[in-house]
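Take this structure first; my questions come after.
Where a number appears in this text, it was derived from the coordinates with a stated rule and is not lab data. Quantities reported herein were computed from a predicted structural model and do not represent experimental measurements. No Cβ is skipped: glycine too gets one built from the backbone with ideal geometry, and neighbour counts run over all protein chains shown.
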Amino acid sequence: MNTNFNDIEALLASYLSGDISDESRMIVDSWRKESPENEKLFQEMQYAWNAIPILQEMEQFNSFEALKKISPMLEQEGSGIRWIKILQRIAAILIIPLVAYAGYMTISNISLKKLSETESIIQTISSRQGMVSKLTLSDGTKVWLNSGSSLQFPLRFTGNKRQVKLKGEAYFEVAKNENQPFLLNANELNVEVLGTSFNVVSYDDESVSEVVLVTGKVKLFSESDNSEKQYGFMHPGQRVVYTKKSQKVAYEEVDVKKYIAWRNGDLIFVDDSMNEVVKRLSRWFNVEISVKDPEINDYIYKATFSDETLSQVLYMLKISAPIDYRIVESKPLPDGTFTKQKVILMKKKE
Amino acid sequence: MKEGLLIEGLIRREKVVFDYVFNYYYSGLCAFSMQYLNDKESVEDLVQDFFVSLWIDSQNLHINTSLKAYLFTSIKNRCLDTLKHKKVIEKYRTFMLFGSDNFESSVDFWFAETELRQTIEASMAKLSPRCREIFENSRLNGLSNQEISNKLGISKRTVELQISNSLKILRIELSEFMPLWLVIWLLK
């Protein structure tokens, strides 16, 4: 029998789903046996048929959790490389502005003279580039402030709302107080909560703000030019991206771990575009990263870093992606400070 | 080139390289093992054990094929050993997924999650919205062709044709990932 492949293709969807008549099944079976090429085409079709269920299967396995589980076993065995590790750490301390826990804080606007008026004193805490600051507000709310971000809050919360203002990225664990809701203002976007934990990213120079909810429930609304818009409630595991220009929000379900890993000093990329990777690395290490070949931006990256230095991270990029880099060293300025370190990413020449 | 550096990094026990390879292949290797062991906990243990021993024995690591081929064949051997050892061959899931009852003749699915997702997304982008909707209902939501036909108010024949059409496109995108040995073996 000489069956046209187009006819066979039409039968394959039924064949693969098992919903097929015996007669048609025999046609496909004998076509498969006709030649190795036919069999190869069949196998490829089966491959395609299985692709999505297998992807769904893969999604239930979490490599980050698994790696955490086996890492202690690796440390014990890695005695030979311990020295290198220690040296690397020393090098990191010397060269790179380290991502530290209770980092530097610049406290401003505090007027100690007016202690009696502590209620009305507003203070601002900024986390320096390359640092993560952790602080506790007067109501017990814990805040992790990412590199280059600042938070404005009153020394004591009065009135019927606990109001704070954020520029940049922070993770909040809000102490529960149902009588006094916690209200976060992040540029135009507002997040109102009773007691919950969530991550917010809202940089002035970016067109979007985002909120990732870890536990509890929050209410979102925006305010700009006197127009107020309500967006309803968010649920745990959701990420909302708010576009400033259009005042629109988009919801998606995410794995929250990726978004809050920064507060433990971890940098996690899961299928992020190079564009996003560059943005986050430059904030993290306080360097200016420029991309010379735009094709790089479309590259999708997956990796986790915890205490790697900038050069280690760049080295990893180089060996795992078609990317090369060049570091432009900082230059001294007349006033004794230095220019920001620059990194140029380019396509690897084969 | 890139592969060579990764393998060298593994041999030298560079933790960043190890972590990278682990994160990149872990879920793919687990899903692959599920075809043999069909138990989430056992496959995770098996893949984790493999990586621990890879780290410990890194000095003796000799990879003549690609890193990917090495990982998938090593894991496959471990799965088969486990099955032999436990004598639970009758419990093989034996391709409920694959719709085939012949274990040996089926094609191994060598994919890292990232590669597979990118490939599927690239293929889906080429489909018309209607065609995509039908395909997703079938493969993502697991509806039968008859159910889709009822749901969307179109004939079952149309559903079948559209699914075949989607498969054709996906097949072309995926074919470059077919293990080379298989292609050679089939065309012999």
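Whole-Hz ³J(HN,Hα) for each residue in the range A:275-284, computed from phi via Karplus 6.51 cos²θ - 1.76 cosθ + 1.60 with θ = phi - 60°, x for glycine and proline: what do you get?
Ordered by residue, 3J(HN,Hα) equals 3, 5, 4, 4, 4, 6, 5, 5, 5, 4 Hz.
Which pairs in the list A:Lys244/A:Lys279; A:Lys302/B:Lys68; A:Lys142/A:Lys167; A:Lys219/A:Lys302; A:Lys244/A:Lys292; A:Lys142/A:Lys176 are over 21 Å apart, alpha-carbon to alpha-carbon?
Details: A:Lys244/A:Lys279 19 Å; A:Lys302/B:Lys68 16 Å; A:Lys142/A:Lys167 17 Å; A:Lys219/A:Lys302 32 Å; A:Lys244/A:Lys292 29 Å; A:Lys142/A:Lys176 11 Å.
The pairs that break the limit, which is 21 Å between Cα atoms, are A:Lys219/A:Lys302; A:Lys244/A:Lys292.
Separate question: So how far apart, in nm, are the two label points at B:Ile172 and A:Arg326 if each is 7 Å from Cα heading toward Cβ?
In this crude spin-label approximation the distance works out to 3.9 nm.
Separate question: Which value in Å does the Kirkwood hydrodynamic radius of the range B:113-187 take, with 1/r averaged over all unlike C-alpha pairs and then inverted?
Details: mean 1/r = 0.0746 Å⁻¹.
Answer for the range B:113-187: a Kirkwood hydrodynamic radius of 13.4 Å.
Hey, another quick one. Expressed in whole Å with the largest first, what are the equivalent ellipsoid semi-axes of the range A:5-58 derived from the C-alpha gyration tensor as the square root of 5 times each eigenvalue?
Computed over the range A:5-58, the values are 21, 14, 8 Å.
Residue separation times 0.36 nm, minus the C-alpha to C-alpha distance between B:His62 and B:Asn141: what's the value?
Working: separation 79, 0.36 × 79 = 28.44 nm, distance 4.24 nm.
The span from B:His62 to B:Asn141 would gain 24.2 nm if fully extended.
Can you give me the Rg/Rh ratio for the range A:277-350, using Cα atoms for both radii and the Kirkwood formula for Rh? It would help to have the intermediate numbers written out before the result.
Values: Rg = 13.2 Å, Rh = 13.2 Å.
Rg/Rh: 1.00.
Out of the range A:230-263, which trypsin sites (Lys or Arg not before Pro) are coil in DSSP terms and have no more than 11 other C-beta atoms within 10 Å? Walk me through the numbers on the way to the answer.
Working: sites: A:Arg239, A:Lys244, A:Lys245, A:Lys248, A:Lys257, A:Lys258, A:Arg263; in loops: A:Lys244, A:Lys245.
Answer by residue number: A:Lys245.
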